[in-house]
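These notes are about the structure you will find just below.
The values are calculated or read from the model by the stated rules, or taken from the named source; none is laboratory data. Just so it is clear, the model here is predicted, and its values are computed rather than measured. Note that each Cβ is placed from the backbone with ideal geometry, even for glycine, and that neighbours are counted across all protein chains shown. Only protein heavy atoms, including side chains, enter the accessible area calculation; ligands, DNA and RNA are left aside. Shrake-Rupley method; radii C 1.70, N 1.55, O 1.52, S 1.80 Å.
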Amino acid sequence: MASPTALSHTQPILIIGAGVFGLSTALELSSRGYKNITVLDRYPPPVPDGSSVDISRIIRTEYADSVYSQMAQEAIHGWKTKFKDYYHHSGFVMLSETTQNPYIEKTLEITRAQGKSLDEFVDGNGLKEMYPDIRADYRTLRAYHNSEGGWADAEGSVRCLSHQCSQAGVSFITGKRGTVRSLRKTGSRVLGVTVLSGEFLLASQVILCTGAWSNLLLDLSHAASASGQPVGFIQLSPDEARSIQKIPVMINLSSGIFLFPPQPGTNILKVARHSYGFATSMRAMEDGRTVSSPKRDSNNAVRSFLPDEADKALRDGLRQLLPEFSDHPWSNRRLCWYTDTPEGDFVVDYHPMLEGLFIATGGAGHAFKFLPILGRYVADRFEHRVSDAIRQKWRLRSAEGEGNVKTGDGSRAGPSLRTLTPEEQSKL
């Protein structure tokens, strides 16, 4: 395979995907002297149906994994400095309906090993001393609080990141000319990409950062697959928003339901579920494989559809955590598309069989929080600078013998993955 030592800083690099992986990688490679970087996507960033955008994403340091815990602490420093205009320091709370939760227990173990601690409440109503805007009864919930956390304006921070890329000399191609139909190969060498409009685009190196759309271009089903996670938005009045403006970000790890304080300015309340989600069944155009993926040729965020059971789960979550808003009408609903991996690890690796192809994907529902530092880690892997432990952790798995089950990192809850029916898919 092509080594970065053989790739001069002037040779063309194509990055497919203008999400958090693609943009952060483009910016970091530019800072390292690569002069010919082009990012391709269906839409200009922030891509409207990308998993890296909309009004909010959780920023936390709690992990049942020491690598991501350390990365999250590095990232939160970036949120407080370079991206401080998009970060809201509201505090972060994990909730559990049981006395024992393996993910929380491992998180506490790692936190203590770092010489830190979380505020623990056997009775979740203890949170009300810190957050008087919490008025529901949490007595049956155990709570774990960290003031060092909150949420970020995802759309705004991705827009900022894309502007930084442009200022650094990164080029963008969007629309049909930026929509990739297939990888262009000769033998085992990737030469570039075929796009929906115009001549194919050549590159010395192609970097695949296509998230939930990845399996449309390359068979990664053994290593990463797409699932839609339910999200709902409620328009609050100014008075309603003020009444809960000082709640923390909260996630119930027994149900997967999480929610945010209302977005300043718009007063929109967002609630979602971190679960196993919903799959689709569609054909990849290049080779006819059946894969789970969002649609390629239209905006997946336009249709306000959720399966009935997902809508009910969001309502039940609101009834538990913010009952005064549980019957408010949705201003919007949609599926947010995760890229699931077996243990929730990223896939950042050279393709072992295709020369000229590097992969950076597999956000697994938690990559966004690393936006300030993710590109550095990806570029280090691109230049063979990461530790053996990171290289193994983020390897592209072999298709043989490793299975296709994507159980994640233990933080998810809710029903098992379900493939949407043809009727349901027609509503997406």
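Residues in segment 157-182 that are crowded, with 22+ Cβ neighbours inside 10 Å, more than 19 Å from SER30 (Cα to Cα) and not small (Gly, Ala, Ser): 1 in all. For segment 282-300, the count of residues that are closer than 17 Å to PHE233 by Cβ and open to solvent by less than 60 Å² (accessible area, probe 1.4 Å) is at least one. Residues in segment 223-247 that are more than 19 Å from ARG57 (Cβ to Cβ) and either open to solvent by 20 Å² or more (accessible area, probe 1.4 Å) or in a strand (DSSP E or B) (or both): SER225, GLN235, SER237, PRO238, ASP239, GLU240, ARG242, SER243, LYS246. Of the candidates ARG376, ARG391, ARG397, the single residue that is without any contact (Cβ under 8 Å) to a residue 60 or more places away in the chain and under 18 Å from VAL67 (Cβ atoms) is ARG391.
One line per residue, one yes/no per condition, for (1) assigned to a helix (DSSP H, G or I); (2) open to solvent by 30 Å² or more (accessible area, probe 1.4 Å):
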| position | (1), (2) |
| --- | --- |
| GLN100 | no, yes |
| THR107 | yes, no |
| ILE110 | yes, no |
| ALA136 | no, no |
| HIS145 | no, no |
| GLU155 | yes, yes |
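Cβ-Cβ distances below 6 Å connect the following pairs, each with a first residue in segment 196-225 that is in contact (Cβ under 8 Å) with a residue 12 or more places away in the chain, a second residue that is open to solvent by 30 Å² or more (accessible area, probe 1.4 Å) and among the polar types (S, T, N, Q), and a separation of six or more residues or different chains: PHE200/THR194; SER204/GLN11; GLY211/SER51; ASN215/SER221; HIS222/ASN404.
Scanning segment 269-293 for residues that are at pLDDT below 95 and basic (Lys, Arg) turns up ARG283, ARG289.
The criterion of at least 2 residues that are open to solvent by less than 20 Å² (accessible area, probe 1.4 Å), free of Cβ contacts under 8 Å to residues at least 40 places away in the same chain and farther than 15 Å from GLY375 by Cα is met by none of the strands (runs of 3 or more DSSP E) wholly inside segment 1-93. Residues in segment 374-403 that are under 19 Å from GLY33 (Cβ atoms) and either touching a Gly at 6+ places or on another chain (Cβ under 6 Å) or among the small types (Gly, Ala, Ser) (or both): GLY375, ALA379.
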